1. Condition (residue is hydroxyl-bearing (Ser, Thr, Tyr), surrounded by 17 or more Cβ atoms within 10 Å (Cβ to Cβ) and over 24 Å from PRO216 (Cβ atoms)) applied to the stretch 94-109: is it met by at least one residue?
2. When only residues in the stretch 136-163 that are within 28 Å of VAL67 (Cβ to Cβ) and either without any contact (Cβ under 8 Å) to a residue 12 or more places away in the chain or β-branched (Val, Ile, Thr) (or both) count, which is surrounded by the most Cβ atoms within 10 Å (Cβ to Cβ)?
3. Kindly provide the set of residues from the stretch 267-300 that are under 21 Å from VAL21 (Cα atoms) and of a type in the set (D, E, K, R), ordered by number.
4. Go through the stretch 248-261 and give me each residue that's open to solvent by 10 Å² or more (accessible area, probe 1.4 Å) and either over 23 Å from the mean Cα position of the chain (by Cα) or more than 20 Å from LYS321 (Cα to Cα) (or both).
5. For the stretch 198-213: of the residues being of a type in the set (Asp, Glu) and closer than 25 Å to ARG23 by Cα, which is surrounded by the fewest Cβ atoms within 10 Å (Cβ to Cβ)?
6. Quick one: in the stretch 84-101, of everything that is in contact with a helix residue (DSSP H, G or I) (Cβ under 8 Å, 6 or more places away or on another chain) and aliphatic (A, V, I, L, M), which residue is farthest from MET162 (Cα to Cα)?
7. Please state which one of ARG181, ARG123 is over 24 Å from the mean Cα position of the chain (by Cα) and open to solvent by 30 Å² or more (accessible area, probe 1.4 Å).
8. Check THR18 against each of (1) in contact with a strand residue (DSSP E or B) (Cβ under 7 Å, 6 or more places away or on another chain); (2) under 22 Å from SER192 (Cα atoms) and name the one condition it does not meet.
Amino acid sequence: MGTVSETRYYLAPMEGITGYVFRNVYHSCFPAMDKYFTPFLSPNQNGTLSPKEYRDVRPDHNEGMHVVPQILTNRAEDFIATARLLKKMGYDEVNLNLGCPSNTVVSKGRGSGFLASPEQLDRCLYQIFSGLDIKISVKTRIGKESPDEFERLLSIYNRYHMEELIIHPRIQKDMYRNVPRMDVFARAWTHSLNPVCYNGDIFWSGDAKVLKERFPSLSAVMLGRGIIANPGLLLTFGQSGGTPGLSKERLKEFHDRLYEANRRVYLAEAGPKVVLFKMKEVWCYLITSFEDSEKPGKKIKKAQTLQDYEAAVSALFQTTKLTDRAMGQKGEFHAVISGN
């Protein structure tokens, strides 16, 4: 494990948001992530990718970034076939999704639903790690029904030489409610035989600071909802030589680049509704970086044409201030992270 100064930051896989369009625009506007994890790929019986999945992992769509494809399956043979295909494409690491809490995923025994079958999971991991010559990381929750499940899960994970064990310390039933179970993460951090990465509820620099104070040799932190809400989050982590936090001008530039990139990729092929959907998904989180944003946020959400959307976004940037927390000026620590 590393020291505080060596902490690495990763972009979490978020379905519908952190695809290659978002990754490229983010990478061009803000301090680079050490790794970018793709939204999950779902292997089919032939071990091939869908056209959408292939576009997301095409090497020419991910140039200059350290990208790690994530695979969602409970079948070792499907994982192995997909990992071999990705290795041929030039990837040196793949990630197994054992964290997705979506009921549609869990009902099929995949994602965090797979955690309810530890013996089957162990057999699957044995086949995967025995059958592949590629770096393999695992992103996991701490259980399906209860955090007590994680003691057994960690004993299983410790049998395999992983690139990293990425832990979101919630159970599946929590979804994104309640608070991360930091006591469980602390035990995992102490007893894991694999490098550990933390994921969950890092929304401003104070959260990251308290996390590093509690776990000083934590080598990596994965950022998800927090980095979508504030794409300039790393600016406040001291990753860019003391650069101040997010400014409205920089955020506007990021938005405009992302909007134009989505128009370029999706408008002619899929139509304006898809462009609007892509942007509105981002605004579900991004709007929280603005003060008194309820009314302008509703206008963005209700926009039915690109023209209405552009007008609503323009009005927001002209009339609404960023929060102090978004600008890295102040905020409150999450007591759950600090353990207080």
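The values are calculated or read from the model by the stated rules, or taken from the named source; none is laboratory data. Bear in mind that the values here come from a model prediction, so they are computed numbers and not experimental data. No Cβ is skipped: glycine too gets one built from the backbone with ideal geometry, and neighbour counts run over all protein chains shown. SASA here: full protein model, heavy atoms, side chains in, ligands and nucleic acids out. Shrake-Rupley method; radii C 1.70, N 1.55, O 1.52, S 1.80 Å.
1. no
2. Filtering the stretch 136-163 for residues within 28 Å of VAL67 (Cβ to Cβ) gives 136-142, 153-154, 156-163.
Adding the requirement that they be either without any contact (Cβ under 8 Å) to a residue 12 or more places away in the chain or β-branched (Val, Ile, Thr) (or both) leaves 136, 138, 140, 142, 156.
Working: ILE136: 20, VAL138: 21, THR140: 25, ILE142: 28, ILE156: 15.
Going through the qualifying residues, I end up with ILE142.
3. Step one: of the stretch 267-300, the residues under 21 Å from VAL21 (Cα atoms) are 267-287, 300.
Correct list: GLU269, LYS273, LYS278, LYS280, GLU281.
4. Matches in the stretch 248-261: LYS248, GLU249, ARG257, TYR259, GLU260.
5. We begin by selecting, within the stretch 198-213, every residue of a type in the set (Asp, Glu); these are 201, 207, 213.
Checking which are closer than 25 Å to ARG23 by Cα leaves us with 201, 207.
On the way: ASP201: 20, ASP207: 23.
Among residues in the stretch 198-213 that are of a type in the set (Asp, Glu) and closer than 25 Å to ARG23 by Cα, the one surrounded by the fewest Cβ atoms within 10 Å (Cβ to Cβ) is ASP201.
6. MET89
7. Values: ARG181 fails: over 24 Å from the mean Cα position of the chain (by Cα).
One residue alone meets the criteria, ARG123.
8. The number of the failed condition is (2).
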